[in-house]
Amino acid sequence: MQISNRDDELNMYKAKNSAEEVKKHEDNCKIKSPNFLMERAAGDFEGCFYYMCNDMEICIDRGRYVQFYDFDYIYDPCVKNITPAYDLFLNNGLLDLNYHNDISNDLFCQRYNSVIDSIEILIKRVITELSMSNFEEREKKKRWFSNMLVTSAKSFEEALQRVLFLEQLLWQTGSRLVGLGRMDCYLRPFYYEDIKKGISKTEIYNEIVEFLEEAHNYYWYKSDVLVGDTGQVIILGGIEPGGEYVFDELSELLLEAVKNSKKTDPKVVLRVSHSMPVEVMNKAVGCMLMGNGSPLLSNDDVIIPALQQFGIKDDAYDYTTSACWEPLIGGKSSSMNNQACLSFAKALQNMLFEEQLDKIKDYSTFENKYFKYVKREIIRCKRLISQRRYSRNTLYSIFIKGCYQKKTDIVDGGAEYNNVGFTTVGIGNTVDALLNIKEYVFEKKELALIDVKKVSLYNFVGYESLYDKLKDRGSFFGRDDIEITSLTNRIMRYVTEETKDYSTSAAGKLKFGISSPSYIFESRNCLASFDGRKKGEPFTVHISNEKVDSYTELISFAGMIDYYENRFNGNVLDLIFSPSFLEKNLEKVSLMFLYGIEKGFFQLQTNVISSAVLKAAKDHPEEYGNLIVRVWGFSAYYVQLPEEFKDLLIKRAMENEVVV
Amino acid sequence: MCFDDGPGIRTTVFLQGCSLCCPWCCNPETQRVHDESSCDENHELYDLDDIKRQLMKDLVFWQNGGGVTLSGGEPLLQSRDLRELCVYLKELNINIVVETSMFVPTMNLDDLIPFVDLWYVDVKILDTNMCKIVLHGDIKLFEKNVAYLRSKNCKIHFRMPCSSEYTLQEKNWDRIVSFLKNYSNYPVDIFPIHNLAKRKYLQKGMKYIEFETIQADKMKQLCQCLMNNGINASLMNL
Amino acid sequence: MDNNVNACNKQNIEQKHDRELFICAVSWLDLLEQGADLYDYFVDHGCKSVAIYGAGDLGKTLLREFRKHEGITVSFFLDLKGKGQAIDGIPVYSSYDYATLPRVDIVVVTAFTYFSEISNYLLKIRPETPVVSLKKIIEVRSDEVWENEYANQQS
């Protein structure tokens, strides 16, 4: 049966159902935002934004903060993985951000001012709604919103409301993975002002807690690829340009609030340094023990020099991260840091299937040829990046520094920094495979290269004993051995060699790292590899410990990797701890991390899990709704993950429990 | 790397070869002496320079009292070679711990006494006959060696694995209590034998006897019993 | 019902392959327009002799590319149906005869829809001889030419 149009459909519905249900159905079918949708279809950001501000529903509830989403007014997904300049909004009235001179000749400036006009409309509507409500604190909230237009925030609480409001506007306009930036930094003046005024730390702590709750709301809408992948990261602590490590009582309150939140979102990245106090590291490890995946440790002693060598001078001290871990300069950068993914394993597979293997007589020839195939993947990434086009985002352009001065939209290179990042996957598997090939084929000569190809082709069928042998020997990648680290560095430096001269249309440079969210997605079509990985099995997760029996060795390994030039787009040590082990050894683990900073690891995150609990949760999801795990670079509710992610975590937890 | 074998963060050197054959041994691959077939690919034969080089990678982690733990196998069977390693480590002021069963010639102790900061001494089967039959060890030697360490003012820390099949047999338990009474100033950790190494045994085609796991309550009782006898005992969580 | 599902799947697969074929053809055209062709791939891989799987239009076009250069011999075509014929002097054999045919340095598969089945079959007989799809060669060459172009623009 064919239904030609909506009227027919409705008539049919009427014929079958009661009047009440018909009414409900009619309401459902009514398009609430026709003007908005029309502008959206035309791709007109400012038009859409105007209708959004003018028409969207404003819901005011009893909460401490005002936050309202209207899912009938969502703009198309666009800019991703960027942190706006919250300080700009906290320290200025919105109207101060306008172009005040004659802008009749400049389209960007006109669009820019029109978006500010629209926000003004929305703010005024919020004030009206507040006037009509009868909540106790409505006068205070009205003042917050009227201040937003003309002056800086006047208190810590008001500052948090502004952060929430700006974030909400960005999410509502389709931006994804909006970071929260260095909260302790941009909130610091408001905090000490309030303390001076006599407001208690407990009160401020409560303000933070309720802010975090509001930010956690709608996490299902904010999630990107998987539920939980929201990118709402708070950056805490860090080295100041004078070299001093700063983690003050505000940083502590924020960390404490996240620790006690028992929620996936927001997450914390803690910037660390060898000069940080032991107590701060103890607090961080204490937070990890709570099992919500925070904080990720980010080593300033490696990252800041790497950023500076890359050409980012003083601003390097102000780095934040993208959704997961990729360093960028928050509020000044358009770096979408996950623009392509290079698979080292795919390059090796291509090589095995395209080369005339019998002509390769020694390992160094083999490795050099392999690099040619890596180059092919690099070109593919570069081309993909050059083809990326984003529709303009005037809202983000207001809150990213540089766009105003350059009078250029963020997607056209208006930001101060426009470097682009890509990720890589499978380096662990590839390093292992290359070393195995070197040993079995070229040194011991037990196998021919053609066997390596057959292993891929037949998924180890006919090579069962080899499979057992490869499985049994564990992983090379992650061992602190000069041959292994130098091979890893050779591969990474090769990628630098082939990417360092590339420049994007916005004069941005390329950067990459060896951590990627794609260890499952990219592995699905990859045949068996010579590290003992069968067809379709996931790649190694970042630099991880379950196949290396010593945490210190793994940390030392991470310290031997060269992250300079452009190799700093996220390189994470991913450590699994069993809860009982971590609880018993809290202080020793904390010391180990501190010494690890000296050794020079790049970043470090932990999964505090036991395989028994994960298995139970997989079987009885209804009882484990609050169980949180760390997946690539975010925290997620375990039971909401796809099965293959659950299984991988169980497998890793089990391997970890056997090894340690 | 290990967090349990002594103060701070420690790096443990497992030495090949042991004169005993404890049924619960968790590193069975280290039992045999001078038999290359027992060294699988993960356990290569190292020379001293290799060991030094490997150890030095962890140097940074030994701040705050951490250091090297010599374990096995029975490390004291190779005391001559270890002496050289210890001299080297002590020049760098690194904390050294030895885990030993004490069934070794007494002269071997002399090699290491000047360097070792802490001796973990296993207390297992002290009944003369059982000791001979189960462990193939001479209990006189054990007692003599421990007394010798004490006479040299060494820091000793006893460790006692508990299994109802062996160490907790009444005859043996009485011997243990009377032995430890002589050392009431020295700390004693007691812990139940665990079945962690089962996978290892099966992998290597060795026979594995499953142990009855002793309940926490029973362990508390045992600990209390030792304390009532004036022994400085405590329960160790594994 | 099952038949319907199968037919539907088959249709989906064919549609997907049609789309890929189209994109591929455009890339190839684009390459030719820029004065580049697929030949360099074979030089880079040290191939002296080539077999082409699929004696259809794509196979014939590929043969013409080889004819523009010297140094690489197209030894034969493989095709399920084409036994006993010849194209432009090159013999066409049944793929079932692959084992008895002289060795070549590479087999290029021009058939789109069943590449993995064909490749698995040929590799089973001669694992040492690479089997590569025309699609991949076009992609690789297209990327390489793009890279040169981009580098020139920047400098």
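The values are calculated or read from the model by the stated rules, or taken from the named source; none is laboratory data. Remember, predicted model here, so these are calculated numbers, not experimental data. Cβ: placed from backbone, ideal geometry, glycine included. Neighbour counts: every protein chain shown. These area figures cover heavy atoms from the full protein model, side chains too; ligands, DNA and RNA do not enter into them. Shrake-Rupley method; radii C 1.70, N 1.55, O 1.52, S 1.80 Å.
Using a 1.4 Å probe and counting only protein heavy atoms, arrange B:Phe191, A:Phe530 so the residue with the most accessible area comes first. It would help to have the intermediate numbers written out before the result.
Details: B:Phe191 35, A:Phe530 5 Å².
My answer, sorted largest first, is B:Phe191, A:Phe530.
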* Buried accessible area, chains C and A (both chains, 1.4 Å probe, Å² to nearest 100) -> 2000
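So what's the back-of-envelope 222 nm ellipticity for chain A, counting only DSSP H runs of four-plus at -39500 (n - 2.57) apiece and dividing by all residues, rounded to 500?
Details: 27 runs with 322 residues, N = 660.
That calculation yields -15000 deg cm²/dmol at 222 nm.
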* Structure fact -> The long-range amide H neighbours of A:Val272, using H built 1.01 Å from N in the peptide plane and a cut-off of under 5 Å, are A:Ser298, A:Asn299, A:Asp300
* Asked: What percent antiparallel are the DSSP beta bridges of the protein assembly as shown, to the nearest 5?
  -> 20
* Asked: To the nearest 10 Å², what's A:Arg392's accessible area with a 1.4 Å probe?
  -> 60
* Under a 1.4 Å probe, what is the accessible area of the protein assembly as shown per residue, stated in Å²? -> 42
* Sorted by accessible area with a 1.4 angstrom probe, largest first, how do A:Asp432, C:Asp88 fall? -> C:Asp88, A:Asp432
* May I ask you to find the residues of region B:50-84 that are shielded by at least 30 Å² of accessible area once the whole protein assembly is considered instead of their isolated chain (probe 1.4 Å)? => B:Lys57, B:Val60, B:Phe61, B:Gln63, B:Asn64
* **Two-decimal Rg/Rh across region A:38-137, once Rg and the Kirkwood Rh are taken from alpha-carbon atoms** => 0.99
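How high is the relative contact order of region A:116-252? Use alpha-carbon pairs under 8 Å, at least six apart in sequence, and give a whole percent. List each step's numbers first, then the result.
Details: 114 pairs, mean separation 31.2, N = 137.
Relative contact order for region A:116-252 comes out at 23 percent.
Considering Cα pairs under 8 angstrom that are at least six residues apart, work out the relative contact order of region B:76-122 and quote it in whole percent.
On the way: 51 pairs, mean separation 23.4, N = 47.
Once divided by the residue count of region B:76-122, the mean separation gives 50 percent.
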* Report the accessible area of A:Leu582, computed with a 1.4 Å probe over the heavy atoms of all protein chains in place, in Å² rounded to the nearest 10. => 0
* Taking chain A as the reference, fit the longest principal axis to its C-alpha atoms, fit the long axis of helix A:449-458 to the helix C-alpha atoms, and give the angle between the two in degrees, 0 to 90, nearest 10. => 50
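What number, in percent, do you get for the relative contact order of chain A if the mean sequence gap of Cα pairs under 8 Å and at least 6 apart is divided by its residue count?
On the way: 1187 pairs, mean separation 92.0, N = 660.
Relative contact order here is 14 percent.
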* Asked: Suppose R0 equals 56 Å; then what is the FRET efficiency for A:Thr151 and B:Asn229 from their Cβ-Cβ distance, rounded to the nearest 0.05?
  -> 0.15
* To do: Could you tally the net charge around C:Leu78, taking each other residue with its Cβ under 15 Å from the Cβ of C:Leu78, Lys/Arg +1 and Asp/Glu -1?
  => +2
* Using a 1.4 Å probe, how large is the accessible area of A:His542, given in Å² and rounded to the nearest 10? -> 10
* **Separation in nanometres of the label points that stand 7 Å from Cα toward Cβ, at B:Thr128 and A:Met38** => 10.7
* Asked: Counting only protein heavy atoms, what percent of the accessible surface of the protein assembly as shown is carbon or sulfur at a 1.4 Å probe?
  -> 50
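Ignoring ligands, DNA and RNA, how much accessible area is buried between chains B and A, both sides summed, with a 1.4 Å probe, to the nearest 100 Å²? Please report the intermediate quantities before stating the final value.
Working: alone 12490 and 26350 Å², together 37000 Å².
What B and A bury together is about 1800 Å².
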* **Drop in accessible area of at least 40 Å² in the complex versus isolated chain, residues of region A:367-386, 1.4 Å probe** => A:Arg376, A:Ile379, A:Arg383
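Could you please report the charge total around A:Thr394, scoring K, R as +1 and D, E as -1 over all other residues with beta-carbon less than 9 angstrom from its beta-carbon? Please list the in-between numbers first.
Details: positive: A:Arg111, A:Arg392; negative: A:Glu46, A:Asp409.
Once positives and negatives cancel, what remains is 0.
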* Asked: Which parts of region A:589-603, residue by residue, lose 10 Å² or more of accessible area when the rest of the protein chains are there, as against the chain isolated (1.4 Å probe)?
  -> A:Leu591, A:Met592, A:Tyr595, A:Glu598, A:Lys599
* Asked: Relative to the longest principal axis of chain A, what angle (0 to 90°, nearest 10) does the C-alpha long axis of helix A:482-499 take?
  -> 50
* Asked: What is the sum of charges around A:Asn81, taking Lys and Arg as +1, Asp and Glu as -1, for the other residues whose C-beta is under 12 Å from the C-beta of A:Asn81?
  -> -1
* Asked: What number, rounded to the nearest 500 deg cm²/dmol, is the helix-based mean residue ellipticity at 222 nm of chain C, given -39500 (n - 2.57) per DSSP H run of at least four residues and division by all its residues?
  -> -17500 deg cm²/dmol
* Give me a single rounded figure for C:125-132: the average over its residues of other chain Cβ atoms within 10 Å of their Cβ. => 4
* Structure fact -> The helix A:138-150 Cα axis meets the longest alpha-carbon principal axis of chain A at an angle in degrees, between 0 and 90 and rounded to 10, of 80
